[in-house]
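One structure is given here, and the rest of the page talks about it.
The values are calculated or read from the model by the stated rules, or taken from the named source; none is laboratory data. All values reported here derive from a predicted model rather than from experimental measurement. Note: ideal-geometry Cβ built from the backbone for every residue, glycine included; neighbour counts use all protein chains shown. Only protein heavy atoms, including side chains, enter the accessible area calculation; ligands, DNA and RNA are left aside. Shrake-Rupley method; radii C 1.70, N 1.55, O 1.52, S 1.80 Å.
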Amino acid sequence: VSMPPYVWILMLCGGVLLAAIVYLFMIKPASTRRVDMTKYGTKFAHRGLWDAEAPENSLAAFGKAVDAGYGIEFDIHKTRDGQVVVFHDDTLNRMCGVDGRVEDKTLAELRELRLLGTDQPIPTLGEMLALVDGRVPLLVELKGESLDSSLCPKVAWAKKYIGCLKKSVTPALP
């Protein structure tokens with residue numbers, strides 16, 4: 001059967017496109033960031049139970065999660081002056097609208113910022129723990145790109161906190 005050349009070209013392009021899609025699907029990394037939190041016996045609010053008035057990783061979002069009975073997954077970073085704050089991103093751009101990295105700022109500098117234009121500041125770990133007060137389980141991620149293990153002793157409270165789970169997203173940290 002004789003076909004015009006453009007049909008062969010279209011069939012060849014379609015085959016190449018299909019092969020590329022199959023290849024990309026096969027090499028995509030497994031979703032290691034998704035964790036079935038329900039296996040811990042409760043539902044977890046990822047970065048708190050956040051919305052427009054209560055941004056992620058804010059005291060307002062954590063309070064809403066506690067009120068709803070959800071465990072809380074949250075992230076911590078160490079500041080330049082060695083304090084521990086609850087914040088997901090390595091940089092401040094998305095949540096605070098300013099350039100810079102969390103670990104390059106002091107706690108005083110971070111306290112001047114607000115989350116997503118709300119009245120909510122970046123909370124410290126101590127503020128978050130005082131708010132939750134053991135009422136729900138916690139899952140904490142130790143963040144930072146520096147492989148600085150000095151953050152680990154800062155979460156020693158986890159051994160005393162009932163229902164706390166901790167993990168590190170940095171393989172070099174425990």
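Figures for the structure shown
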item	result
Distance (nanometres) between label positions extended 7 Å along Cα→Cβ at Asp67 and Thr91	3.4
Computed accessible area, Tyr6, all protein chains, 1.4 angstrom probe, square angstrom	140
Distance (nanometres) between label positions extended 7 Å along Cα→Cβ at Glu127 and Val98	1.4
Sequence-separation-based contact order of the stretch 71-151, relative, with Cα cut under 8 Å and 6+ spacing, percent	39
Rounded accessible area per residue of the stretch 41-132, 1.4 Å, Å²	43
Charge sum, other residues only, whose C-beta stays under 11 Å from Leu116's C-beta, Lys/Arg counted +1 and Asp/Glu -1	-2
Length released on extending from Asp51 to Leu24, taking residue separation times 0.36 nm less the Cα-Cα span	6.3 nm
